[in-house]
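Below you'll find the structure, written out as structure tokens, and then a few comments.
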């Protein structure tokens with residue numbers, strides 16, 4: 001028998017070899033995007049870790065509201081910077097009248113007129129009458145009367161009243177101040193819809209608003225003067241005074257770390273606002289932005305979501321927020337529609353209540369809640 005000696009590979013064997021090698025190459029190539037993403041995350045985590053260490057140290061050592069209140073520069077036309085005497089009136093249609101005693105001098109009773117709507121923590125205030133000290137408490141109903149004022153109880157009649165006085169009922173909302181040197185000193189008076197304040201004083205920006213964690217060290221272990229390229233990380237603070245706003249020295253603090261800020265643009269990033277209608281009960285981890293291309297967003301960017309009902313607080317064209325939270329974009333999905341696309345943003349952490357405005361914070365590197 002003559003042995004069959006093969007002198008070459010068949011075409012089929014070559015194709016199978018190429019196919020197997022292709023699978024191996026695709027597997028190797030698939031590692032590159034994942035590695036790049038992991039490297040990006042590592043760099044960001046390193047940068048934000050240092051930034052948050054600085055932010056936490058500042059939070060522990062500085063009480064901006066109490067220590068720097070007298071040095072704050074309020075924006076033009078602001079009405080709630082002081083926080084001590086709020087003038088924002090929530091007009092929920094509730095009305096009441098006060099009756100003076102037979103011998104004028106004190107309030108003898110308060111009569112509820114309209115029950116109004118939408119209240120949760122109402123505050124009753126007395127104005128005029130040339131007297132002081134009248135105090136009353138409003139009670140909010142439940143069930144079918146939820147959000148309505150059901151009764152007003154007079155706690156103190158006060159003294160010195162000699163003429164009729166006005167009774168107002170307003171909702172006690174949390175209030176927000178954005179402490180930011182870059183915007184405050186450049187004439188921009190709002191971050192989204194929160195008032196912007198800056199703080200005067202020598203060296204304030206270098207001490208509290210500039211991140212110099214990457215300063216070069218000389219041979220003696222001393223920090224050298226930073227170069228211009230190192231001044232790209234800036235920090236700002238959003239202060240939230242919870243209900244009741246009259247509580248002294250109780251402020252929730254958020255630290256925002258910015259990278260490569262550019263407030264010279266005609267429309268800074270924090271002014272990119274989208275109207276939305278969220279449903280946090282059914283979709284707490286997603287936001288639908290109608291008519292916005294997904295190309296406008298990227299994963300791991302930050303959003304500021306707010307409640308700012310124009311019909312409830314018609315104080316300015318963009319009233320102060322009644323609720324503020326920061327969320328991070330985790331994934332992006334497009335839904336094609338006639339003439340464009342809608343964009344679904346998967347977010348973290350989930351929403352805890354419906355919101356109606358979204359501000360796209362493209363230049364924010366990280367947001368951290370620093371506690372009270």
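Could we say that residue 185 is at pLDDT 85 or above and either closer than 23 Å to residue 138 by Cβ or outside the structural domain of residue 111 (by TED's automatic domain parsing) (or both) here? When the stated conditions are applied, residue 185 does not pass them.
Would you call residue 93 surrounded by fewer than 17 Cβ atoms within 10 Å (Cβ to Cβ), modelled with pLDDT of 75 or more and over 34 Å from the mean Cα position of the chain (by Cα)? Judged against the criteria, residue 93 is not a match. Of the residues making up the stretch 241-262, those that are modelled with pLDDT under 75 and in contact with a helix residue (DSSP H, G or I) (Cβ under 7 Å, 6 or more places away or on another chain) are 249, 251. Summed over the stretch 329-372, the residues that are free of Cβ contacts under 8 Å to residues at least 12 places away in the same chain and assigned to a loop (DSSP other than H, G, I, E, B) give a count of 2. Please indicate, with yes or no, whether at least one residue in the stretch 176-185 is in contact with a strand residue (DSSP E or B) (Cβ under 6 Å, 6 or more places away or on another chain), surrounded by fewer than 17 Cβ atoms within 10 Å (Cβ to Cβ) and under 27 Å from residue 303 (Cα atoms). Taking every residue of the stretch 176-185 in turn, at least one turns out to be in contact with a strand residue (DSSP E or B) (Cβ under 6 Å, 6 or more places away or on another chain), surrounded by fewer than 17 Cβ atoms within 10 Å (Cβ to Cβ) and under 27 Å from residue 303 (Cα atoms). So in the stretch 114-133, with the set limited to residues that are in contact with a strand residue (DSSP E or B) (Cβ under 6 Å, 6 or more places away or on another chain), over 15 Å from residue 159 (Cβ atoms) and outside any strand (DSSP E or B), which one is modelled with the highest pLDDT? Among those that are in contact with a strand residue (DSSP E or B) (Cβ under 6 Å, 6 or more places away or on another chain), over 15 Å from residue 159 (Cβ atoms) and outside any strand (DSSP E or B), it is 115. So which strands (runs of 3 or more DSSP E) stay within the stretch 134-185 end to end and still have 3 or more residues that are without any contact (Cβ under 8 Å) to a residue 40 or more places away in the chain and farther than 30 Å from residue 254 by Cα? Ranges flagged: 149-159.
Report yes if some residue within the stretch 278-286 is more than 30 Å from residue 209 (Cβ to Cβ), buried (at least 19 other Cβ atoms within 10 Å of the Cβ) and at pLDDT 85 or above; otherwise report no. Scanning the stretch 278-286, I find no residue that is more than 30 Å from residue 209 (Cβ to Cβ), buried (at least 19 other Cβ atoms within 10 Å of the Cβ) and at pLDDT 85 or above, so the answer is no.
Scanning the stretch 123-152 for residues that are within 14 Å of residue 108 (Cα to Cα) and exposed (fewer than 12 other Cβ atoms within 10 Å of the Cβ) yields a single hit, 132. Can you confirm whether residue 306 is closer than 30 Å to residue 124 by Cβ, buried (at least 16 other Cβ atoms within 10 Å of the Cβ) and at pLDDT 80 or above? In short, yes.
The values are calculated or read from the model by the stated rules, or taken from the named source; none is laboratory data. Since the structure is predicted, the reported quantities are computational estimates derived from the model, not experimental observations. Ideal geometry is used to build each Cβ from the backbone, glycine not excepted, and the neighbour counts take in all protein chains shown.
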